[in-house]
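Data first, discussion second: the structure below is written as structure tokens.
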Amino acid sequence: MTRGLELYASVSRQAASRLVGAGPSGWSGLAGVAAPLRYVEHGDPVVPGPGWVTVRPRLAGISGSDLALVTGRVSAYLTAMVGLPFVPGQEVVAEVQESVTLDDGRVLAAGDRVVVDPAPGSGPGTGDGRVGDGRAGDGRAGDGGWARGVGGGGWSRVMLAHRGQLCPVPATLPDARAVLVDPLAAAVHAVDRARVGAGQRVLVVGAGAAGLCTVLALRAHTEAGQVAVVAKYPRQAELARRFGADVVFDPDGAVAGVRRATHAMRVSPRAGGAFLLGGVDVAFDAAGRASSLSTALRTTRAGGRVVLSGVPTGRVDLTPLWARGLELVGAARRGAAPSVLARAFALAAGAPLDGVVAATYPLTRWREALEHALCAGRLGAVRIAFDPTVAL
């Protein structure tokens, strides 16, 4: 018998969940009531064909994209490609349940630990988000599967994965670090896409897991000059500095802070937010909100580059993009360089990540877990995860 969390179709709950997701952080206590999510028991999943294996998640992170999906904040562009019911969870460290030979010839024995890559460079797609009898969508839409952008399947006791998704975990790497390989890989890819030049000024808007991992990747893989971070909470600011940020601004002071740091000119229109003539060379929207993208657009110099590293939600005025000739770069991890995962594993092993996974929950306590994850920043946490191996 397989147990897991299943996102299902419910017009009323989806509407209520969107309301909670758009509300203030104090509304997070309603997440468990509103979310169209349920704890289910099904028969064990059936392997669909050669190359597919059964794995048992040991830890599964609650990522920003998972929360956006559960709270209904994702664009219809993505929801149109998600078959319901669907099992969320794209950040997964798991054990393989049988011996499997990988594409490069390495052999994994039953019980070996792996990271399940939601965006492999080859293979027939990704984990299909199935629990039990496979009633969730099969993840094989169009150009290789929606799950390359959304991912899923980890919030369960058992999931299916293709051998092309399996990345062996070194024996010396703890689960709490291995489960961060996916957000680290996303950050490495986003930094690659940003093409940051030596000495260029960079702004990272957002200091959750995506933003903090971006700072680590910038310091490890570029010769960026000053790196500034927009962080909402004290713990986020502390970690941003530890990970390599030179200066940290709060959201309300971001435009003024960048102005001072870059000696730009501030312009305040009659309506709308102030913007800069000048600013940083490259900005990352790592929060995935309209306000964070707006901040990135308004603080980047003419001809500069804005990178979307968080899952976009909400609407924003794109006039600065047009008026100032900005380059807008999407950074979903598709077709990433083969070295991305290797660099992510290196960061997972060597970066100061202790305590980034602040708490773990059994699947049965999913309401508490969601509430904790939705207000993680305010509570001084970065990543909350499920431990599917715990029964209660």
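Between A198 and D252, how high is the FRET efficiency from 1/(1 + (r/R0)^6) when r is the Cβ-Cβ distance and R₀ = 30 Å? Nearest 0.05.
Efficiency for this residue pair is about 0.45.
Step through the residues of the stretch 254-270 one at a time and calculate ³J(HN,Hα) from phi using the Karplus curve (6.51 cos²θ - 1.76 cosθ + 1.60, θ = phi - 60°), rounding each to whole Hz and writing x for Gly and Pro.
With the stated coefficients, the stretch 254-270 comes to 5, 5, 5, x, 5, 4, 5, 5, 10, 6, 7, 9, 8, 10, 10, x, 4 Hz.
With a 1.4 Å probe and every protein chain left in place, work out the accessible area per residue of the stretch 233-297 in Å², rounded to a whole number.
Here the per-residue accessible area is 48 Å².
Please report Rg over Rh for the stretch 239-352, where both radii come from the alpha carbon positions and Rh follows the Kirkwood definition. Walk me through the numbers on the way to the answer.
Working: Rg = 15.6 Å, Rh = 15.4 Å.
Reported Rg/Rh (Cα atoms, Kirkwood Rh): 1.01.
For the stretch 263-392, which whole-number percentage of the solvent-accessible area (1.4 Å probe, protein heavy atoms only) is attributable to carbon and sulfur atoms?
Carbon-and-sulfur percentage of accessible area, whole number: 55.
Once you list every other residue whose beta carbon is under 12 Å from the beta carbon of R241, what net charge do they have if Lys and Arg are +1 and Asp and Glu are -1?
+1
Please say if the stretch 335-382 is rounded, prolate or oblate, where rounded means a/c under 1.5 for a ≥ b ≥ c the square roots of the C-alpha gyration tensor eigenvalues, and otherwise the choice is prolate for a/b larger than b/c and oblate otherwise?
prolate
Largest first and in whole Å, what are the equivalent-ellipsoid semi-axes of the stretch 309-353 based on the Cα gyration tensor, each being the root of 5 times an eigenvalue?
They are 31, 13, 11 Å, listed largest first.
Can you check how the C-alpha radius of gyration of the stretch 151-275 compares to 2.2 N^0.38 Å, as a plain ratio?
1.30
How large is the Kirkwood hydrodynamic radius of the stretch 37-77, in angstrom, based on all distinct alpha carbon pairs?
Values: mean 1/r = 0.0740 Å⁻¹.
For the stretch 37-77, the Kirkwood estimate is 13.5 Å.
The values are calculated or read from the model by the stated rules, or taken from the named source; none is laboratory data. Remember, predicted model here, so these are calculated numbers, not experimental data. We place every Cβ from the backbone using ideal geometry, glycine too, and count neighbours over all the protein chains shown. Please note that ligands, DNA and RNA were not included when accessible areas were found on the heavy atoms of the full protein model with its side chains. Shrake-Rupley method; radii C 1.70, N 1.55, O 1.52, S 1.80 Å.
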